[in-house]
Amino acid sequence: MLTGGVSSVEGAGGGGLAPWAMITGYGSQGQVGANAHATVVDLPDYQFRSGGIALGVQDRLELSYARQTFDTGPTGARLGLGEGFTFRQDVLGAKLRVFGDAVYDQDRWTPQVAIGAQWKSNNQPGVIAAIGGRDHEGVDYYVAATKILLDQSVLLNGTVRATRANQGGLLGFGGDRNDDYSLQFEGSAGVLLTKRLLVGAEYRTKPDNLGFAREDDWFDLFAAYAVNKNLSITAAYADLGDIATFEDQRGLYLSIQAGF
Amino acid sequence: MRPIFALSLAAVLILPLPAAAQPTPWAHPGEEAIDPYAVDDANAGAAPMAEDAVFEALGGVQGVSRIIDDLVDRSVRDPRLEEIFKPTDLARLRRTLKEQVCFILGGPCAYSGRDMAAAHKDLGITTAEFNALVENLQGAMDDAGVPFRAQNRLLARLAPMKGDVVER
């Protein structure tokens, strides 16, 4: 349990903020595993929500869909967008395990490695153009390497992402300051305390493409608890930094995931 | 071919014996007859641990023996595994598993079983079945009070055997 990770905010199997190399549904009895997730991140000036499904095929291919909602609530009025203004983004993901097995390859250092892509489409092209964003659609590409060091009960992940996304795409893609792809790093480290409990931290660097507001890296401290083989709950303290001129967006991340 | 081949050949010439009526390096009384093979600790599939912390955490020779008996008991009545365990010589399985785990944990045991590929050949074991066995082992260690981290240190030695055990 938990060695396959949970659902990231973009729908792919992994940590909360970063995709891992594991294919979701891993460890299930059949050849195909699936799961659904619902996530809320409650921030001082915004609320972020994500819901989605993921399908893993033969521990090789993962297909995922997530709908993200970024609710500006009362802050929307202060941004000139109107109270309760909401950005929505659909994320379609595909991930392919290339080589390695994070769990079983305990006799060698090589990690499990996967490549993936995320197609993102945001429903607010007008606002995105107004704040200096170039596109309301974009594609992220990533390589993820995950290793479980069973001898130490430790899990490590490193993901390199090529992206143009502003705040993960919630504020569009490319911008007045930079319109090119840049390489970003996402790291996760966790300790398995029991069969059911994984605690750890994640860090995700981000581009800073928009002139109107600074974009910060993301960080979280998480605890993922497997209620049973089919249900897990993740709670985290997430620090998403400044978002659209509102500073220090730190809050509680709560996610529930059901597997089939 | 290693020099051991000569030993195997000699063993073949001694056969046929009645089904393991006398102890041989590869079979004990009460176990079904088995084709002779070269007995070698290397067949255990993992090097022994240098220190005995995990061996002690499992309760030494007697603790390992109880945990393996529990593992086999659980697996025999596990609907996911009964097809594999029903036709198995359980007396031999218990003995060789105890030897194997004791040896890998650095305990005072030699391993007399076959290597993992030979022992599981043609059983058609799946990844799900391999995982089910691991779960049963975890359950047996939980009930024996073995700390989680010590359990993982043993599992780290066993996990790479998946490649030789799983066939489909």
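The values are calculated or read from the model by the stated rules, or taken from the named source; none is laboratory data. All values reported here derive from a predicted model rather than from experimental measurement. FYI the Cβ positions are ideal-geometry reconstructions off the backbone, even for glycines, and counts take in every protein chain you see.
Return the only residue of B:V134, B:V146 being within 14 Å of chain A (Cβ to nearest Cβ), modelled with pLDDT of 90 or more and part of a loop (DSSP other than H, G, I, E, B).
B:V146
Quick test of your reading of the structure: A:T194 fulfils all but one of (1) within 14 Å of chain B (Cβ to nearest Cβ); (2) of a type in the set (S, T, N, Q); (3) touching a residue at least 12 places away in the same chain (Cβ under 8 Å). Name the failing condition by number.
Result: A:T194 fails condition (3) only.
Taking the residues in the range A:47-75 that are over 18 Å from A:Q118 (Cβ atoms) and surrounded by 18 or more Cβ atoms within 10 Å (Cβ to Cβ) as candidates, determine which candidate is modelled with the lowest pLDDT.
Top of the filtered list is A:D59.
Of the residues that make up the range A:158-180, is at least one β-branched (V, I, T), assigned to a strand (DSSP E or B) and within 14 Å of chain B (Cβ to nearest Cβ)?
no
Restricting to the range B:112-131, give me the number of residues that are part of a helix (DSSP H, G or I) and not hydrophobic (A, V, I, L, M, F, W, C).
3
In the list A:R49, A:R97, which residue meets the criterion of being of a type in the set (K, R) and more than 16 Å from the chain's Cα centre (by Cα)?
The match here is A:R97.
Could you list, in sequence order, the residues of the range A:197-219 that are more than 14 Å from every other protein chain (Cβ to nearest Cβ) and of a type in the set (V, I, T)?
Residue satisfying the conditions is A:T205 alone.
List the number of the failed condition for B:G163; all other conditions in (1) modelled with pLDDT of 95 or more; (2) farther than 21 Å from B:V76 by Cα hold.
(1)
Only one of (1) in a helix (DSSP H, G or I); (2) at pLDDT 90 or above fails for B:A50. Which number is that?
In the conditions (1) in a helix (DSSP H, G or I); (2) at pLDDT 90 or above, B:A50 misses (1) alone.
Anything in the range A:191-213 that is within 16 Å of the chain's Cα centre (by Cα) and of a type outside the set (F, W, Y)? List them, or say none.
Selection gives A:G200, A:A201, A:E202, A:R204, A:T205, A:K206, A:P207.
Hey, does the range B:97-114 have a residue that's within 14 Å of chain A (Cβ to nearest Cβ), under 23 Å from B:E32 (Cα atoms), out of contact with any Phe, Trp or Tyr (no Cβ under 8 Å at 6 or more places or on another chain) and not polar (S, T, N, Q)?
No - not one qualifying residue is present in the range B:97-114.
Identify the single condition in (1) part of a loop (DSSP other than H, G, I, E, B); (2) loosely packed, with under 15 Cβ neighbours inside 10 Å; (3) on the phi < 0 side of the Ramachandran plot that A:D208 does not satisfy, given that it satisfies every other one.
(2)
Every residue in the range B:82-111 that is out of contact with any Cys (no Cβ under 8 Å at 6 or more places or on another chain), without any contact (Cβ under 8 Å) to a residue 60 or more places away in the chain, assigned to a loop (DSSP other than H, G, I, E, B) and surrounded by fewer than 21 Cβ atoms within 10 Å (Cβ to Cβ), please.
Across the range B:82-111, the qualifying residues are B:K86, B:P87, B:T88, B:D89, B:G106.
Count, please, the residues in the range A:54-77 that happen to be in contact (Cβ under 8 Å) with a residue 40 or more places away in the chain, within 18 Å of the chain's Cα centre (by Cα) and more than 14 Å from every other protein chain (Cβ to nearest Cβ).
7
Table: residues versus (1) at pLDDT 95 or above; (2) among the charged types (D, E, K, R); (3) touching an Asp or Glu at 6+ places or on another chain (Cβ under 9 Å).
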| site | (1), (2), (3) |
| --- | --- |
| A:G172 | yes, no, yes |
| A:R177 | yes, yes, yes |
| A:F185 | yes, no, no |
| A:S188 | yes, no, yes |
| A:Y203 | yes, no, yes |
| A:N209 | yes, no, yes |
| A:A213 | no, no, yes |
| A:W218 | yes, no, yes |
| A:A258 | no, no, no |
